[in-house]
Amino acid sequence: MRCGTVQVPMVSGGKGVVTLFVTIVGSNSKGAKQAVFHLPGGPGASAESYAPILATTYLPLSEAVGKPIIFVDQRGTGRSKPFLECSDIAVPAKCSAAWAAAKIDPLAFTTPNAADDLAAIAGALGLSSIDVWGASYGSRLALETARRHANLVRSLVIESVDTADSQLDDAQDILAALTRVGSECASNAACNGVIPDLVATTEATAKTLATTPLVTQLGIIDTNMFLSDVSSLMEWSRGISFVPAYVASVRDRDAAAAEAFRGVILSLPFPGGQFSEAMNRLVNCTDIGPFNATAAMGRNAASTENLLSQARRAQTIEQYVKPCAGWPVDPTMTNQPVLSDVPTLVLTGAIDSNTPLENAQFAASHLTNSTIVTFPSTGHFAVHQGGNPCGESILAAFFLEPAASVKTKCVGKEKPIEKLPLPLDANFQSAFITSLGFSADVPEGWITLDHATWRTAGGVVVFARAPGRIKDAIAAVASQVGLETVAPKQEMIGNLTWTQVSGPDTNLLFYQAKNSVVVLVVGLSNGGDVSTFAKRIARSITSP
């Protein structure tokens, strides 16, 4: 990995400068004439958010395609300077005054300027052409780059497509995503037997919660919380859809199962690195606010037949209408669709509630040389966060030969889960712990959204790494679960020596790796043998 900076004008012809922080992954990076640019989501996220998976996801991809992968902290984010911030983004006038005092032009931080930055970086590195891969907001930036620098872009990958030009109705789209979850469930006999009409059951359950919330140890599940959880579970699905099981657990007033879902949702990671809330507000308000927000509010007003649609309509108003009042408007911005014949791969999750399938279809309809690949039982970030070997292989093949026919035989079938298994009934399957870089056996059918934590009713398995030595990791973790007074014991499990701290329903295992400590936490609250359960998992870890 190499890091460096590139300076560009803040405004063309102006005096100010922006210093862009650039990260290059791949041992073949020096002297390369082609490269893959990966653009993170947000807006406001930076390349720092990818640190946990650079070695496990991006380095293998770089080696497979024979090109370096370049990450840029978009102007205003991460380690690029200036970092765009404001003490009170709810009051645009305060932000504008602070930026004026610092000689920062807020309209220099829009998506078109960020697209020009990518071309400048390519020039500074001596690249003759680039492959551009953007995910979520990054797909919006990727499309703009293709619009403005068509001769530079060799190929385009847009994943979890987010476009400023979409004329679609968010409220209708999220209902369409839930309908697709229902279709996946209906095609599975076991799922259909538990919850035969997912959309109707979701609506009925949401109405019941308005008068009779479900009380759990992780909070009260009322209508708003329930609908938010359903949306989150669709967004974070990774080849397995747990929406039916969650809806069924709340419908049946199964607090233990509902708590398992709530625990996983509450542990969802926020983007790492320095996230710029000011950039998020500014870019969305300049890209989307002037064009679609008011119209969307009018269109969404008709989508009142479903509580989930109503919730999304309210979210759209809160995110793109009310907050944008008083923010700068760039009169040169356009919301016209990007028209291009550049070879384009469109990657999307069938049940994504954040950037729905309809977004991908809309964008692809204006890209004459595009192929859509849809992954069933999958939500937002269908490929780039790891855990999708099929998607990664399709991506690598496309970067090698963008003009070749896209082969999708590896795309799996839908996999809805209608009920969480009991801990004592656990079967195990191997899984790659993407953020940690090793494989382990994990309980099959337990819910996971980040491939680091698995939960079921009465059971939890967590993998983590801690800096330093074992004694420090034990001191930090044991106190969180009430085991700080338990004496650690060493034991050979498989081919590794683990240090164990065990209680009646929680077992902690620690392994000293070269530069960190691997931590395995297992909790069972139903009387199972937690130590045996934890050792079964530890035995499967051979090279952490």
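The values are calculated or read from the model by the stated rules, or taken from the named source; none is laboratory data. Values in this document were obtained by computation on a predicted structure and should not be read as measured data. FYI the Cβ positions are ideal-geometry reconstructions off the backbone, even for glycines, and counts take in every protein chain you see. The protein model used for the area step is the full one, side chains on, heavy atoms only, and it has no ligands, DNA or RNA in it. Shrake-Rupley method; radii C 1.70, N 1.55, O 1.52, S 1.80 Å.
Students often get this wrong, so try it: which of [x] 0.94; [y] 1.07; [z] 0.99 is Cα Rg over 2.2 N^0.38 Å as calculated from the structure shown?
Derived directly from the coordinates: [z].
So how do 450-459, 112-121, 396-405 stack up, highest first, on mean other-Cβ count within 10 Å?
450-459, 112-121, 396-405
Could you tell me which of rounded, prolate or oblate describes the range 310-412, using a ≥ b ≥ c as the square roots of the eigenvalues of the alpha-carbon gyration tensor, with rounded for a/c under 1.5 and, failing that, prolate when a/b is larger than b/c and oblate otherwise? Display every interim value, and only then the final one.
Working: a/c = 2.70, a/b = 1.56, b/c = 1.73.
Oblate, since a/c reaches 1.5 and b/c is not below a/b.
Using Cα pairs closer than 8 Å and at least 6 residues apart in sequence, work out the relative contact order for the chain, in percent. Show your work: numbers first, answer last.
Working: 1158 pairs, mean separation 80.7, N = 544.
So the answer I get is 15 percent.
Once neighbouring chains are kept in place and the probe is 1.4 Å, which whole percent of the accessible area of the chain is contributed by carbon and sulfur?
Answer for the chain is 53 percent, counting heavy atoms of protein chains only.
If we sort 44-56, 189-201 on the protection proxy, mean other Cβ atoms within 10 Å, highest first, what's the order?
In decreasing order of mean packing, 44-56, 189-201 become 44-56, 189-201.
Once you have a ≥ b ≥ c as the square roots of the Cα gyration tensor eigenvalues for the range 450-505, tell me rounded if a/c is under 1.5, and otherwise prolate or oblate according to whether a/b is larger than b/c.
Note, shape of the range 450-505 comes out rounded.
Taking the Cα centre of the chain as the origin, how large is its charge dipole in debye, to the nearest 20, when only Lys and Arg (+1) and Asp and Glu (-1) carry charge on their Cβ atoms?
In total the dipole reaches around 1260 debye.
Stick to the Cα atoms of the range 446-541, pair each with every other, and give me the Kirkwood hydrodynamic radius in Å at one decimal.
Value: 13.4 Å, from the Cα pair sum.
Between Asp105 and Leu54, what FRET efficiency follows from the Cβ-Cβ distance if R0 is 45 Å, with the result rounded to 0.05?
On the way: r = 33 Å, r/R0 = 0.72.
E(calc), rounded to 0.05, equals 0.90.
Considering only DSSP beta bridges with both partners in the chain, what is the antiparallel share in %, to the nearest 5?
Roughly 65 percent of the DSSP beta bridges within the chain come out antiparallel.
Rounded to the nearest 0.05, what FRET efficiency is calculated for Asp529 and Arg2 with R0 set to 60 Å and r the Cβ-Cβ distance?
0.75
Is it possible to state the helix-based mean residue ellipticity at 222 nm for the chain, with each DSSP H run of 4+ residues giving -39500 (n - 2.57), the sum divided by total residues, to the nearest 500 deg cm²/dmol? What is it?
-10000 deg cm²/dmol
Can you give the charge dipole size of the range 1-99 about its Cα centre, rounded to the nearest 20 debye, using +1 on the beta carbon of Lys and Arg and -1 on the beta carbon of Asp and Glu?
360 debye
If packing is taken as the average number of other Cβ atoms within 10 Å across a peptide's residues, how do 175-184, 325-334, 129-138 rank, most packed first?
Values: 175-184: 22.0, 325-334: 13.1, 129-138: 25.0.
Output ranking for 175-184, 325-334, 129-138: 129-138, 175-184, 325-334.
What is the distance in Å between the Cα centres of the range 193-261 and the range 440-509?
28 Å
Sort the range 421-484 into rounded, prolate or oblate with this rule: let a ≥ b ≥ c be the square roots of the eigenvalues of the Cα gyration tensor; rounded if a/c is under 1.5, and if a/c is not under 1.5, prolate when a/b is larger than b/c, oblate otherwise.
Details: a/c = 2.70, a/b = 1.46, b/c = 1.85.
It is oblate, given that a/c is not under 1.5 and a/b is not larger than b/c.
What Cys residues in the chain have no fellow cysteine's beta-carbon under 4.7 angstrom?
Isolated Cys, the chain: Cys3.
Which value in nm describes the separation of the simple spin-label points at Ala200 and Glu277, placed 7 Å from the Cα toward the beta carbon?
With each label point 7 Å from Cα toward Cβ, the separation is 4.4 nm.
Using 25 Å as the Cα-Cα cut-off, could you pick out the over-long pairs in Lys409/Lys535; Lys94/Lys322; Lys489/Lys535; Lys471/Lys535?
Lys409/Lys535
How much net charge surrounds Glu401 when only the other residues with a Cβ under 14 Å from the Cβ of Glu401 are counted, with Lys and Arg +1 and Asp and Glu -1?
Numbers: positive: Lys67, Arg154, Lys407; negative: Asp131.
Result for the neighbourhood of Glu401: +2.
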